[in-house]
Amino acid sequence: MGSENIISIHSQVISSIVIFLLVLTGLFFLLSDQGYRFDVGWLLLAIPPHAWAFVGVGLSISLSVVGAATGIYITGTSIIGGAVKAPRIKTKNLISIIFCEAVAIYGIIMSIVTANMVEDYDPLTVSAKQMRQNVFGGFSIFGAGLTVGLSNLFCGVCVGVVGSGAALSDAANPALFVKILIIEIFASAIGLFGVIVGILQSSNASIAPGAST
Amino acid sequence: MGGGMSGPSFNIDNGYLEGLIRGFKNGILTRNDYLNLVQCETLEDLKVHLQSTDYGSFLANEPGPLSVSVIDDKLRNKLVLEFQHIRNQSVEPLSTFLDYITYSYMIDNIVLLITGTLHQRSISELAAKCHPLGIFEQMEAIGAVSTPAELYNTIIVDTPLAPFFLDCIFVQDLDEMNIEIIRNTLYKNYLEEFHNFCQQIGGITADVMCEILAFEADRRAIIITINSFGTELTKDDRSKLYPCCGKLHPEGLSALARSDDYDQVRAVADYYAEYKVLFEGAGNNPGDKTLEDKLFEHEVKLNVFSFLQQFHFGVFYSFIKLKEQEIRNIIWISECVAQRHRTKIDNYIPIF
């Protein structure tokens with residue numbers, strides 16, 4: 001009990017000091033008429049499109065895998081526990097695991113499709129028009145990756161929790177499983193929505209070396 | 001203590017055990033099983049009917065004629081085996097939770113050993129009667145103590161019950177009345193500590209368990225009050241035995257402390273909706289259920305409700321309590337069958 005209090009006081013002290021320093025810095029810039037130097041827009045444009053694109057690709061696959069993994073362990077442990085006294089449930093309930101796995105597959109499809117849209121370009125010889133296309137491409141691939149990743153994350157958790165309930169109620173009463181499967185199908189559909197929106201976002205994206213004209 | 005308790009992360013440590021305990025719960029006897037059991041003519045019939053349930057052939061290797069005490073032992077052993085399997089597989093915080101469940105059996109064992117020593121029984125005979133879930137080290141040394149202070153210093157201080165015992169050291173000597181006071185004080189401290197622990201865990205476990213433990217506390221307060229009418233227990237002493245973690249705290253408990261007879265207790269319970277209905281049907285007439293039976297029924301109902309939610313520890317506690325009720329039911333039916341006194345054989349409390 002004492003050590004918990006020390007740790008929480010410690011973290012409170014550190015976070016208040018950090019917040020204080022940030023506020024101090026912000027006030028300094030504001031009051032010394034240097035507010036223009038804190039330029040968020042410049043920051044977003046100055047980050048190269050490659051960085052945006054590949055972070056998007058990474059988010060798409062990694063967040064989907066986190067969602068799928070969470071779903072699989074939630075359902076898997078319940079199936080194992082329930083199958084001790086009711087062994088008949090083990091084969092049917094693998095469907096829940098397959099639904100969770102599908103979520104990871106959406107993520108990897110999205111990341112492969114968007115990664116193939118990216119090529120290298122030479123910032124000295126690229127034309128202005130192509131550069132605008134590249135910046136657009138970077139942002140759209142980042143947005144698509146974030147969309148797909150987050151929606152698959154929550155979809156995976158949802159399918160996992162419902163699948164766990166399905167396994168335990170199947171163990172108690174076999175007639176319940178098919179009805180609960182319908183809930184899982186709805187849960188799985190929301191991951192698909194994320195993929196559809198992601199494809200819409202990234203359909204016109206490309207990062208390419210344009211010939212200078 | 002947020003760690004393993006939020007919805008998605010519960011299953012990392014506890015998913016398998018929850019699935020397992022729900023599997024055990026599916027094997028609890030249903031009304032159909034009880035209907036079969038009450039139609040048995042002899043204990044051998046009972047054994048055959050139990051073979052088709054989850055109990056299987058647990059009585060298969062018993063030599064000699066069956067008796068009710070043998071059936072009781074075997075039923076209890078099965079529950080103990082299942083509990084110990086689950087306890088062995090669990091990690092924190094579930095393992096502490098399961099340990100708290102065993103403390104109530106430890107309290108019963110201590111009181112059994114002290115009472116038996118007072119009546120000059122031998123330690124080995126008493127140790128055989130102790131509940132296996134409440135075994136602690138140095139149980140046999142209880143034979144040598146004569147005051148609570150000695151009991152604390154030699155034995156209790158090494159057990160997990162040490163913090164619950166501090167209020168009892170001041171009792172002068174160990175006679176019948178004081179042993180009951182010690183038992184009830186230990187149980188009161190244990191219940192309040194368990195209630196605090198469940199609240200610390202938070203989440204669904206706190207919701208489910210605090211409801212069940214609050215009813216347990218109120219039920220102890222009511223039963224202590226009713227049983228103390230006509231004994232030498234003073235009202236002050238009685239009010240020190242009431243656990244404070246229930247719905248009756250604080251106004252109901254102070255009203256109970258002042259009551260003198262059954263009707264006043266009933267008047268106190270009328271202020272609380274759930275307890276009013278329990279007193280309504282109870283009585284000592286031939287057609288009524290007794291108050292104890294109605295309290296058991298309410299406890300069974302609360303424990304069945306805890307299975308309606310997933311991802312909490314309450315299912316482990318409820319499973320133990322429901323199995324105990326099932327064992328009481330089977331033993332009641334066995335006694336009626338063995339003594340061929342079948343008028344009250346339907347007084348068991350159905351669970352599912």
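Quick note: the coordinates plus some simple rules give every number you see, no bench work behind them. All values derive from a computational prediction rather than experimental measurement. FYI the Cβ positions are ideal-geometry reconstructions off the backbone, even for glycines, and counts take in every protein chain you see.
For chain A, the relative contact order comes to 31 percent (Cα pairs under 8 Å, sequence separation of at least 6). Comparing A:176, A:22, A:146 in a Gaussian network model of chain A (Cα springs below 10 Å), the most mobile by mean-square fluctuation is A:22.
Determine the relative contact order of chain B: mean sequence separation of Cα pairs under 8 Å and six or more apart, normalised by residue count, in whole percent. Could the numbers behind the result be given before it?
Values: 353 pairs, mean separation 75.5, N = 352.
Worked out over chain B, it gives 21 percent.
Where Lys and Arg each count +1 and Asp and Glu each count -1, what net charge lies around residue A:207 among other residues with Cβ under 9 Å from its Cβ? Mind dumping the intermediate values first?
Values: positive: none; negative: A:119, A:120.
Taking every Cβ under 9 Å from that of residue A:207, the sum is -2.
Placing pseudo-labels 7 Å out from each Cα toward the beta carbon at residue B:290 and residue B:77 gives an inter-label distance of 3.0 nm. Label separation (residue A:40 vs residue A:125): 3.8 nm, computed from points 7 Å beyond Cα along the C-beta direction.
Exposure proxy ranking for B:121, B:219, based on other Cβ atoms within 10 angstrom of each Cβ and starting from the fewest, stands as B:121, B:219. Round to the nearest 0.05 the FRET efficiency obtained for residue B:125 and residue A:13 when R0 = 51 Å and r is the Cβ-Cβ distance. About 0.25, to the nearest 0.05.
Can you tell me the FRET efficiency between residue A:30 and residue A:105 if r is taken as the Cβ-Cβ distance and R0 is 45 Å, rounded to the nearest 0.05? If you can, show how the numbers build up before the last one.
On the way: r = 49 Å, r/R0 = 1.09.
Between residue A:30 and residue A:105 the formula returns 0.35.
At 30 Å minimum axial length over the Cα atoms and a Kyte-Doolittle cut of -1.0, report the qualifying DSSP H helices in chain B, or say none.
B:68-89, B:94-118, B:176-201, B:203-228, B:314-339
Using the Cα gyration tensor of chain B, with a ≥ b ≥ c the square roots of its eigenvalues, what is the shape: rounded (a/c below 1.5), prolate (a/b larger than b/c) or oblate (neither)?
Values: a/c = 1.19, a/b = 1.15, b/c = 1.04.
Rounded shape, in that the Cα axes give a/c under 1.5.
Of the residues A:73, B:187, the one with the fewest other Cβ atoms within 10 Å heads the list, and the complete ranking is A:73, B:187. The H on the amide N of residue B:289, modeled in the peptide plane, is under 5 Å from the matching H of B:283, each at least 5 residues off or on a different chain. Placing unit charges on the Cβ atoms of the charged side chains and taking the dipole of the range B:242-322 about its Cα centre, the candidate lying farthest along the positive direction among B:290, B:320, B:246 is B:320. Among B:315, A:84, a tally of other beta-carbon atoms within 10 Å of each Cβ gives an order, fewest to most, of A:84, B:315. Per-residue ellipticity at 222 nm, computed for chain A from helices alone with -39500 (n - 2.57) per DSSP H run of at least four residues, works out to -28500 deg cm²/dmol. When you filter the chymotrypsin sites (Phe, Trp or Tyr not before Pro) in the range A:34-63 for DSSP loop state and at most 13 other Cβ atoms inside 10 Å of their Cβ, you are left with A:38. Legend: calculated FRET efficiency, residue A:90 to residue B:31, from the Cβ-Cβ distance at R0 = 35 Å, rounded to 0.05, equals 0.75. Can you tell me how the protein assembly as shown classifies by the Cα gyration tensor, rounded, prolate or oblate, using a/c under 1.5 as the rounded cut? Cα axes put the protein assembly as shown in the prolate bin.
You can think of it this way: the chain between residue B:264 and residue B:231 has 10.2 nm of extra reach, that is 0.36 nm per residue less the Cα-Cα gap.
Taking Cα centre as origin and charging only the Cβ of basic (Lys, Arg, +1) and acidic (Asp, Glu, -1) residues, the dipole magnitude of the protein assembly as shown rounds to 1760 debye. One chain, two ends: residue A:179 and residue A:199. Fully extended at 0.36 nm per residue, the span grows by 4.0 nm beyond their Cα-Cα distance. The charge dipole of chain B, taken about the Cα centre with unit charges on the Cβ atoms of Lys, Arg (+1) and Asp, Glu (-1), comes to about 680 debye, rounded to the nearest 20.
At most 15 other C-beta atoms within 10 Å and a DSSP loop state: those are the exposed GluC sites (Glu not before Pro) I care about. Give me the longest piece of chain B that has none.
Working: sites that count: B:41, B:137, B:232.
Longest site-free region, per DSSP loop and neighbour criteria: B:233-352.
Once both labels are positioned 7 Å from their Cα atoms along Cα-to-Cβ, the gap between residue B:352 and residue B:12 label points is 3.2 nm.
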